[in-house]
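Written out below as structure tokens is the structure these notes cover.
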Amino acid sequence: MTAERIISFREAIAEALRLEMRRDPAVILLGEDVAGGAGRDAEGLSEAWGGAFAEYKGLYTEFGAGRVLDTPISEMGYLGAAVGAAITGLRPVAELMFVDFIGVCLDPIMNQAAFAHYMSGGRVNVPLTMLTHVGAGVGMAAQHSKMLYSFFAHIPGLKVVAPSSAYHAKGLLTAAIRDNDPVVFCVHKLLLGQSEHVPEEPYEFPIGHARIARPGADVTLIGAALTTSVCLQAAKALEADGIDAEVVDLLSLAPLDEETILASVRRTGRAVVVDEGFPRCGLAADVAALIAGQAFDDLDGPVKMVTSPHAPVPFSRPLELAFPPNADRVRAAAMELF
Amino acid sequence: MPDTAPPPDSHATPSRDTLLALHATMVLIRAFEQRVATLVLKGAFSGVGHLYVGEEAVAAGVCGALRDDDYVTSTHRGHGHCLAKGVDPSEMMAELFGRATGTCKGKGGSMHIADFRRGMLGANGIVGAGLPIACGAALTAKLTGSGRVAVAFFGDGASNIGAFHESLNLAAVWKLPVIFVCENNRYGEATPVEYALSAEHVVDRAPGYRMPGLMADGQDVLDVFAKAREAVAHARSGEGPVLLECETYRYFGHFVGDPARYRSADEVEWFRSRDCILRSAEYLQQQHGVATKQLDEMAADAERRMDEAVAFAEGSPLPELSEIMAGVCSEVLR
């Protein structure tokens, strides 16, 4: 293999899991159909799915039913069990197939995993990764298309990451698995096929660090997960308007890399925060408040927010396509600052 | 059980020493809880106290059947489970007082008290939340081959919550070494069990999950201990989970200060007449010739232990205000 090995976001997730499971026997994967066809080994039918999004193909075959555990459709049960496993020595990666399902199983994450370290006076760690799929765009409507990442970032004790590409997916998942705190790892469904160069060896991308996805001098566009690529498209389009846009890719929502955000805005004097989540009390509002509160004197105009509308994600294709932020809206918002 | 407790007997009838140890645990729990009641009424610390008085035989009998390294998850009424698992009463009292020396450095309080050194994975403010966590501890035991088992204590009220049903199903399909111990004290807060429970008994739900169900007189430590040993042996042998229902009663209301007007004086009197400590004392005297004086000394020892615990708590420092942000995550965040 060469330094230019190209793999997809989906394969990067599998690779991070595989390498960490090889490195540390305490790492397990559990969730609904993470193998698929559970118990049908004799007929050769196990691992029919390798996850609903097929990220885990090959893991069941390599690590077996003791470490790749198909669960009943029982999110409260297995997420709670993942917390129990984490506080007793394992490092579980628990998949929540769609983040929207958190409605039936929030307690293990919000009240148990998030607070166990704090409420025990620091006497226990919860090395749990909850990998979940977020975002609109696959025609599954309101109950399977939400972001909800800011929902988790609202809870003290949870770390929340939202990678924007294959390279960061592998590095952040490796970091999440090795982290001693609960990490919510948000995979945008439309990014699973994104491909780029990903090193073969294990590596961590540190949680809590944003990156400059594109340097620029005139305006800062801030995105996360899929909206980072929306920002990059908008930045490209803004070139035609003679505007040199910088793109900050948040990668982590909690902890939030305030320094990188503020340093960029102080350089450019203008900010557009782009967030696929619902606008009320959300990520964009939080980052905008940070900028307004800490970098007001450096701003040449108001902080702009480009978000989804405050509405459930609609089914009908034209409505769904119009729902999330797109490059045109980001470009228009940026233009208003000049 | 305290460190000095003997291992569970291998034969059916527990030894005199084992019975004395179980009795001592119950006496210790009652002394602790009665002291807590006094302290709460005096306003010695904030928060409510959910007292375990009346239910002591369940914690003592079940934890008496466990190894020191076995796991326990608990409820909002968790002091008894802690003490039966060998958690230090002084550190517990300090936790209730919100002191820096508490089992959780004053960050958890009565409802979230935990001591991971003793396999006590936490009381819990959320009804039913301990059941899936116990499944996870049992999963660790199973996957690592440690031979440990996990016990989930919960009330009759929790048997109606989704986490109960998901946990029983998950434990059954994964054959986890977990014992689900229902403390049926007849009330979920103020609501009687016969109103809230669709089944006649909680244990009636076991067959639906294809696991053994056992019923114990939760006011008889001998019966609880016997059934718990059977359940623990089953789970530890790899045969999977067990549901053990213990019929018991709480003498106080849901919390200190709840006058418990939802139940009759006759009912309370009937359950009090079957008190687990009185019955255990009678058994020890009649079957093992234990002198009244020895039992009195045991009770006096427990009271002295509580004096020490309160003195330790009152003499301990409060947490620094910087503790508010300490330990939100396992390292300092930016």
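Within the range B:136-168, the set of residues being within 9 Å of chain A (Cβ to nearest Cβ), of a type in the set (Gly, Ala, Ser) and either crowded, with 24+ Cβ neighbours inside 10 Å or in contact with a Pro (Cβ under 6 Å, 6 or more places away or on another chain) (or both) comprises B:136, B:137, B:138, B:141, B:150, B:163, B:167. Residues that are within 10 Å of chain A (Cβ to nearest Cβ), within 24 Å of residue B:22 (Cβ to Cβ) and among the basic types (Lys, Arg) do not occur anywhere in the range B:76-96. Limited to the range A:255-290, what total is found for residues that are buried (at least 23 other Cβ atoms within 10 Å of the Cβ), within 27 Å of residue A:172 (Cα to Cα) and touching a strand residue (DSSP E or B) at 6+ places or on another chain (Cβ under 7 Å)? Residues flagged as buried (at least 23 other Cβ atoms within 10 Å of the Cβ), within 27 Å of residue A:172 (Cα to Cα) and touching a strand residue (DSSP E or B) at 6+ places or on another chain (Cβ under 7 Å) within the range A:255-290 amount to 12.
Give A:277, A:293 a once-over and let me know the one that is over 12 Å from residue A:219 (Cβ atoms), in contact (Cβ under 8 Å) with a residue 60 or more places away in the chain and not assigned by TED's automatic domain parsing to the domain that holds residue A:162.
Working: A:293 fails: in contact (Cβ under 8 Å) with a residue 60 or more places away in the chain.
None of the others qualify; the one that does is A:277.
Quick test for you: out of A:94, A:65, A:82, pick the one residue that is out of contact with any Phe, Trp or Tyr (no Cβ under 8 Å at 6 or more places or on another chain) and crowded, with 24+ Cβ neighbours inside 10 Å. Among A:94, A:65, A:82, only A:82 is out of contact with any Phe, Trp or Tyr (no Cβ under 8 Å at 6 or more places or on another chain) and crowded, with 24+ Cβ neighbours inside 10 Å.
Residue-wise test of (1) closer than 24 Å to residue B:22 by Cα; (2) out of contact with any strand residue (DSSP E or B) (no Cβ under 8 Å at 6 or more places or on another chain); (3) of a type in the set (Asp, Glu).
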| position | (1), (2), (3) |
| --- | --- |
| B:251 | yes, yes, no |
| B:256 | no, yes, no |
| B:261 | no, yes, no |
| B:280 | yes, yes, no |
| B:296 | yes, yes, yes |
| B:300 | yes, yes, no |
| B:308 | yes, yes, yes |
| B:330 | no, yes, no |
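All of A:82, A:38, A:48, A:65 fail the test of being aliphatic (A, V, I, L, M) and over 20 Å from residue B:170 (Cα atoms), apart from A:48. Any chance the range B:243-253 includes a residue that's within 30 Å of residue B:173 (Cβ to Cβ) and aliphatic (A, V, I, L, M)? Within the range B:243-253, one or more residues are within 30 Å of residue B:173 (Cβ to Cβ) and aliphatic (A, V, I, L, M).
Suppose the filter is in contact with a Ser or Thr (Cβ under 6 Å, 6 or more places away or on another chain) and among the hydroxyl-bearing types (Ser, Thr, Tyr); does residue A:88 pass it? Walk me through how you get there before you give the answer.
Numbers: in contact with a Ser or Thr (Cβ under 6 Å, 6 or more places away or on another chain): yes; among the hydroxyl-bearing types (Ser, Thr, Tyr): yes.
The answer is yes for residue A:88.
Among the candidates B:80, B:98, B:108, the residue that is among the small types (Gly, Ala, Ser) and part of a helix (DSSP H, G or I) is uniquely B:80.
Conditions (1) at positive phi; (2) within 14 Å of another protein chain (Cβ to nearest Cβ); (3) not hydrophobic (A, V, I, L, M, F, W, C), marked per residue:
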| site | (1), (2), (3) |
| --- | --- |
| B:279 | no, no, yes |
| B:283 | no, no, yes |
| B:297 | no, no, yes |
| B:301 | no, no, yes |
| B:308 | no, no, yes |
| B:311 | no, no, no |
| B:317 | no, yes, yes |
| B:320 | no, yes, yes |
| B:327 | yes, yes, yes |
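Suppose the filter is charged (D, E, K, R), more than 9 Å from chain A (Cβ to nearest Cβ) and touching an Asp or Glu at 6+ places or on another chain (Cβ under 8 Å); does residue B:115 pass it?
The answer is no for residue B:115.
What number of residues in the range B:120-135 are at the interface with chain A (Cβ under 9 Å from one of its Cβ atoms) and either more than 16 Å from residue B:165 (Cβ to Cβ) or outside any loop (DSSP other than H, G, I, E, B) (or both)? Even if it seems obvious, please write down each step before you answer.
At the first step, the residues of the range B:120-135 found to be at the interface with chain A (Cβ under 9 Å from one of its Cβ atoms) are B:121-122, B:124-126, B:128-135.
Pick out the ones that are also either more than 16 Å from residue B:165 (Cβ to Cβ) or outside any loop (DSSP other than H, G, I, E, B) (or both) and you get B:121-122, B:124-125, B:130-135.
Looking only at that region, the number is 10.
Among the residues of the range B:294-334, the one identified as over 28 Å from the mean Cα position of the chain (by Cα), of a type in the set (D, E, K, R) and in a helix (DSSP H, G or I) is B:323.
For the range A:200-228, a tally of residues being in a loop (DSSP other than H, G, I, E, B) and charged (D, E, K, R) returns 4.
When we screen B:155, B:128, B:106 for residues that are at positive phi and in contact (Cβ under 8 Å) with a residue 60 or more places away in the chain, the only hit is B:106. Every listed requirement among (1) under 24 Å from residue A:84 (Cβ atoms); (2) buried (at least 24 other Cβ atoms within 10 Å of the Cβ); (3) within 16 Å of the chain's Cα centre (by Cα) is met by residue B:102 save one, (3).
The values are calculated or read from the model by the stated rules, or taken from the named source; none is laboratory data. Every value quoted in this text rests on a predicted model; they were computed, and no experiment measured them. Here the Cβ is made from the backbone with ideal geometry for all residues, glycine too, and neighbour counts use every protein chain on show.
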